[in-house]
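Reviewing the structure listed below.
The values are calculated or read from the model by the stated rules, or taken from the named source; none is laboratory data. The model shown is predicted, which means the values in this text are computed figures rather than measured ones. Backbone-built Cβ (ideal geometry, glycine too); neighbour counts: all protein chains shown.
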Amino acid sequence: MQIMDADVIIAGAGPAGAIAACVLASSGVSVLVIEKALFPRYKVCGGGLTHKIISEIPLDLGPVIEAPVFSIRFSCGFKEIFTRNSATPMMYCTMRDRLDKFILDEAVQKGAVVRFEEQVTGVTQDAAGVKVETSKGTYHARLLIGAEGASGTVSRAIGLRDHIMQGLAWEAELKPPPGFLEKFGSTVFLDWGTFPGGYGWIFPKKDHISVGVGGPATLSKGMMPYYERFLASAGITTDISKAGELAFSETLSLKSWPIPVRVKKTQFHKGNIMIAGDAAGLTDPLTGEGIYYAVRSGKLAAKACIDHLSGDSGAMAAYTRSVNDELMNELTEANRIKAIFNMMPGTIHNWVKTSDRAWGAFGKILRGERFYADVRSGFGTLRFFWGLSCWFAGIVSRIKENRYVKRNY
């Protein structure tokens, strides 16, 4: 009889893995978390926490909140600039190294065991459970959750990397010029409609700003030029020789990161193994946001583990159904809306600028008070035309991206 090192092994200690560990340990399940890095570790991410993310994390996140956001400064093609304000915070900003460690620390306090600086190298399973091979040893458990991010070692090992569209983001942490945070410390900068299928952002933090650009990986060569133009449009430069012309900022870091986006419903388990978060491609194709989907899928995976260990033989299949019905319904709808935006960004930009109704809808979706699927539902009996419009917009969107590649590469 095989001796088990834990009831559940979790590969990866980001939001999906850490929240799953919290839920499982709180329920008395023995948990072993295997993490390739040493926490805290830097993670490329704007770090925007929407209200729906915060409501999914059963912890007081006050200690890791860096800045509340009350306004968004929009631009389209670096022009037509306007700012929209909210009387209450639209979202909150954090640093992922602090957030991820905060959640993981809670899991450890509840009884989870963590092995840092250990890379998963192989996975096999049989009727008894799962064997996980790492750079430092071999472990056995009844169940495994693959939540190690975009690298997806577990998901690759069990053949669940289908229907994933690759995105890419570049992000820098910058020391802003004097007075910048005093003026924009509660403002997010958002440039959209300039880079096909992507956008640029500036998120305020306690003592610096996070500046990033992202979009389809096929347009990766155009991202750094777009990044430099985006900085200049905000009056910021990292070139000391131009400090007299534009505000100078020190670059604390500049890194790229893959963004896996699953575009079709599929399997999220195989045998006694489940995948969650970025490892499952659960990322918003419209915004690139993945924290909510990581946390939510982590909680669903933890529930499936608890149910399975309690004798429910259908718990793993129920996990796949839950992810498809709840999360993939939203993500596939977001992909359709992304195509609509790519087809007519200037029109939507102007609509948000001039229409309180459009601004209100934007805010409700951001806060999680409304869902992407509500857009389609609003068409009522005319939903067919929504589907037809999205199909046509998808064709136009792909043409725009291809033209961008031909024009710039």
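Brief remarks on what is shown
- Against the list (1) over 16 Å from the mean Cα position of the chain (by Cα); (2) under 23 Å from R73 (Cα atoms), the condition G290 fails is (1).
- For K264: the one exception among (1) touching a Phe, Trp or Tyr at 6+ places or on another chain (Cβ under 9 Å); (2) part of a loop (DSSP other than H, G, I, E, B); (3) touching a residue at least 60 places away in the same chain (Cβ under 8 Å): (1)
- Scanning the range 83-122 for residues that are of a type in the set (G, A, S) and part of a loop (DSSP other than H, G, I, E, B) yields S86, A87, G111, A112.
- In the range 51-78, the residues that are touching a residue at least 40 places away in the same chain (Cβ under 8 Å) and among the acidic types (D, E) form Cβ pairs under 7 Å with partners that are crowded, with 18+ Cβ neighbours inside 10 Å and part of a strand (DSSP E or B), at six or more places apart or across chains, as follows: E66/C93.
- Residue list for the range 300-330, filter: among the hydroxyl-bearing types (S, T, Y), outside any loop (DSSP other than H, G, I, E, B) and without any contact (Cβ under 8 Å) to a residue 24 or more places away in the chain: S322
- Which listed residue, of G346, G387, is more than 19 Å from the chain's Cα centre (by Cα), surrounded by fewer than 16 Cβ atoms within 10 Å (Cβ to Cβ) and closer than 30 Å to S256 by Cα: G346
- For L160, the test of being surrounded by 20 or more Cβ atoms within 10 Å (Cβ to Cβ), under 24 Å from A304 (Cα atoms) and more than 22 Å from the chain's Cα centre (by Cα) is failed.
- If you filter the range 244-269 down to residues that are of a type in the set (D, E, K, R) and surrounded by fewer than 19 Cβ atoms within 10 Å (Cβ to Cβ), you find that the one that is modelled with the lowest pLDDT is E245.
- Selection status of S86, farther than 30 Å from F189 by Cβ and not aliphatic (A, V, I, L, M): no
- Close pairs (9 angstrom Cβ cut-off, 6 or more residues apart or separate chains): free of Cβ contacts under 8 Å to residues at least 60 places away in the same chain in the range 7-35, buried (at least 24 other Cβ atoms within 10 Å of the Cβ) and among the basic types (K, R) anywhere: none
- With respect to (1) under 18 Å from H269 (Cβ atoms); (2) surrounded by 13 or more Cβ atoms within 10 Å (Cβ to Cβ); (3) not aliphatic (A, V, I, L, M), the lone exception for Y404 is condition (1).
- Number of positions in the range 199-224 that are of a type outside the set (F, W, Y), farther than 18 Å from I65 by Cα and touching a residue at least 60 places away in the same chain (Cβ under 8 Å): 7
- Only residues that are within 17 Å of S55 (Cβ to Cβ) and not acidic (D, E) were counted in the range 274-289, giving 0.
- Options T320, T354: the member that is of a type in the set (S, T, Y) and over 23 Å from A16 (Cα atoms): T354
- Residues that are touching a helix residue (DSSP H, G or I) at 6+ places or on another chain (Cβ under 8 Å), surrounded by fewer than 18 Cβ atoms within 10 Å (Cβ to Cβ) and under 30 Å from W192 (Cβ atoms) occur at least once in the range 62-76.
- Hits in the range 1-55 - residues which are closer than 20 Å to L309 by Cα and in a loop (DSSP other than H, G, I, E, B): M1, Q2, I3, M4, D5, S27, G28, V29, S30
- Pair list, Cβ < 7 Å and 6+ apart or interchain, from the range 393-407 residues that are over 18 Å from T347 (Cα atoms) to residues that are surrounded by 14 or more Cβ atoms within 10 Å (Cβ to Cβ) and of a type in the set (S, T, Y): E401/T218; V405/T218
- Check on S55, at pLDDT below 95, under 17 Å from E106 (Cβ atoms), out of contact with any Cys (no Cβ under 8 Å at 6 or more places or on another chain) and hydroxyl-bearing (S, T, Y): yes
- Selection count, the range 315-336, where residues are hydroxyl-bearing (S, T, Y) and touching a helix residue (DSSP H, G or I) at 6+ places or on another chain (Cβ under 7 Å): 2
- Here T283 fulfils each of the conditions (1) part of a helix (DSSP H, G or I); (2) among the β-branched types (V, I, T); (3) touching an Asp or Glu at 6+ places or on another chain (Cβ under 9 Å) apart from (1).
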